[in-house]
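A short worksheet on the structure shown next.
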């Protein structure tokens, strides 16, 4: 059974809590959530068919520290996954999110766990943001029982239903109609919740996206389409794939907002704005201008279609964690050493989670035949040699 | 071989009653003159059977909703959803634009969240536009998530040929969907099948592909009080022996069940007593019933309208060869659609889909009776 852990908004400052799977574990620099700090987004929002929100955002020391800690953990997780893949403990596909952390973090700060998120295959950090644990993540990547899908899904199929995280999808673009379906259900049930359907600049040209967007607009579904524009659809730059790479405008009659996706506060403000908007007016598109440091996947060096200068340039100018670090230092919320210690702690948590995940066994062989159906009626299923291996589906 | 000793020839036995957990009804199209059931039995068209099943399930569970092209204001392209919009409103009977990939995906997403969508494809030919959602988003999700995300959705609509609608509107998708683990694929024939299987499908927690037949919609079948009851469900994965027999097993589904029954009547006159199995379910396939029947009759003819290669008959043949080889007295015969895209011209179309005489001929061939019967046994 996969571990689940509910996340509460407030954790008491603790230093002895088990570090293996605690996502919110952090040192007690500042639990101050009463002091208001006003930050400005890096750039103003650009809007399409709507009034953009203000670029001034209020935050607290606590939130700033949380952003830093959580993003540091996400970054560390993805880098560790890179090593695990190279040592062949992770197989198949592995699409890493480092560089894009601010999108997950900013979004989570603006929404609840009853709002739904659905995404494609670059899903490890979004899973963590929804409350998934490091152990569930690494164990799933390594195909072990403690994984969030008991080892049967793999990198592209992380889910956390109790936190309304619906995956984890391998077919480019499919998650967008699915996300509009989640929004349909929320509206059907008259909930005050919304769905964030995330997709990349590559998927932005998919026909089914426009089919779903049309219906979402027709029926006023609370669907927020979030284009994580990291400027490359695998090896194809956006200008080679899209006649119009202004993805926030591609909804035509559907309003859109272009957001600096490397700025967690811009993301937070945009998601808050979007949530309020769709509950009244139907769908909206958010284009997050972001960047991935790794290639498309672990099979892609990521340097044949873009220059190393470009990558290091973004890292220097726009890294989401560095941005928060500067803010924290500027507002004197912690020292450089304290921030480095947080990063060390993240590394420690990740290492411990990996060690624990390695201990988790691979699924037992009968698991080959479980979960084919929710209700199998004892129907017969077959292994490769049906005279050798048969099973009754539970 | 074993079976030879048990082979009987000739002897008109007439139709025998159904047995063994199957309903005690002989199902005949309304044109038949014979009716030997109680006078209280009603008749119902397949269309009304589907409509009533949808109505009852929507009344019973507010999470059930219908979505598709023309299902609402138009009352359904084939009137299957007639009256539902007035009764349940536009939030639960949702007319869509002509965007199958989009609305099938929306349906699956709604099912992820716990609703119970019934998605109508105007015909299953159009389901190809949405097939990624049926297979990758719906069928595989419960497995990939280790049981955490089940998808209680039904995809329904007419399947297979109608009459003169040409190559792009005549394909049978039983073989394609039937091969996918994680899907359930149902193929009703009679009104009883339509009601019972659709209600089961809607109540089922897994994705169900429900293959109807346009030409059967208008056909009437007798329905008992039990069938009309709102709790009536048929088990998924169980075939029905429509007609018991001793000499040859004929498997069929959907419209071909009617053809097989007619073929059986013709064969009876020639001394061949055929057992007709109405599959009702392509996945799970009721191998037990099929094999038990073949072990009894020792001969098998499979009938389907779809393309022959990699079709339903191929799977049934393999199953019987694997599990009941010693009981076969003759090679398995397959009657299927012709291996061509469907032509329009009436004479060519007739050649493209199984006719009753094809089933009769194959049954005789499998009984080593290609020539008319003379005297005694073989």
Rounding to the nearest 10 and keeping the result within 0 to 90°, find how far the Cα-based axis of helix B:46-60 lies from the longest principal axis of chain B. 40 degrees
Segments A:385-391, B:104-110 sorted - mean Cβ within 10 Å per residue, highest first: B:104-110, A:385-391
Calculated FRET efficiency for the pair residue A:220/residue B:43, C-beta based, R₀ 41 Å, to 0.05: 0.40
Taking Cα centroids, how far is region A:256-321 from region A:358-374 in Å? 36 Å
Tell me, what is the percent relative contact order of chain A, built from C-alpha pairs under 8 Å that lie six or more residues apart? 21 percent
Based on the Kirkwood radius over alpha-carbon pairs, what value in µm²/s does the Stokes-Einstein equation return for the translational diffusion coefficient of chain B at 37 °C and 0.692 mPa s? 155 µm²/s
Relative to the longest principal Cα axis of chain B, at what angle does helix B:100-112 sit, 0 to 90 degrees, rounded to 10? 80 degrees
Order of A:285, B:149 under a 10 Å beta carbon neighbour criterion, fewest first: B:149, A:285
Label-point separation in nm, residue A:46 to residue B:179, each point 7 Å along Cα→Cβ: 4.7 nm
1/(1 + (r/R0)^6) with r = Cβ-Cβ of residue B:225 and residue B:296, R0 = 35 Å, i.e. FRET efficiency to nearest 0.05, evaluates to 0.65
C-alpha long axis of helix B:287-297 to longest principal axis of chain B, angle in °: 20 degrees
Please state the Cα pair-distance histogram of region B:240-366 with 5 angstrom bins from zero: what percent is in each bin? 2, 12, 23, 25, 20, 11, 5, 2, 0
If you wrap a convex hull around the alpha carbons of the protein assembly as shown, what volume per residue comes out, as a whole number of Å³? 169 Å³
Out of all DSSP beta bridges in chain B, what portion is antiparallel? Express it as a percent rounded to 5. 25 percent
If A:180, A:50 are placed from fewest to most neighbouring beta carbons inside 10 Å, the sequence is A:50, A:180
Semi-axes (Å, rounded, descending) of the ellipsoid equivalent to region A:34-176 per its C-alpha gyration tensor are 30, 17, 14
MRE, 222 nm, helices only [DSSP H, n ≥ 4, -39500 (n - 2.57), over chain A, to nearest 500]: -11500 deg cm²/dmol
Here FRET efficiency (C-beta to C-beta, residue A:300 to residue A:191, R₀ 45 Å, nearest 0.05) is 0.70
Along the Cα→Cβ direction, 7 angstrom out, place labels at residue A:33 and residue A:281. What is the inter-label distance in nm? 3.0 nm
If chain A were replaced by its equivalent ellipsoid, with semi-axes equal to the square roots of 5 times the Cα gyration tensor eigenvalues, what would those be, largest first, whole Å? 32, 27, 21
Going from the fewest other Cβ atoms within 10 Å to the most, one would list B:250, A:111 as A:111, B:250
Using Cα centres only, tell me the gap between region A:118-149 and region B:251-293 in whole Å. 49 Å
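Here, each number is a calculation from the coordinates, and none is a lab measurement. Predicted model, so just to flag it, every value in this text is computed and none were measured. Every residue, glycine among them, receives a Cβ derived from its backbone with ideal geometry; neighbour counts consider all protein chains shown.
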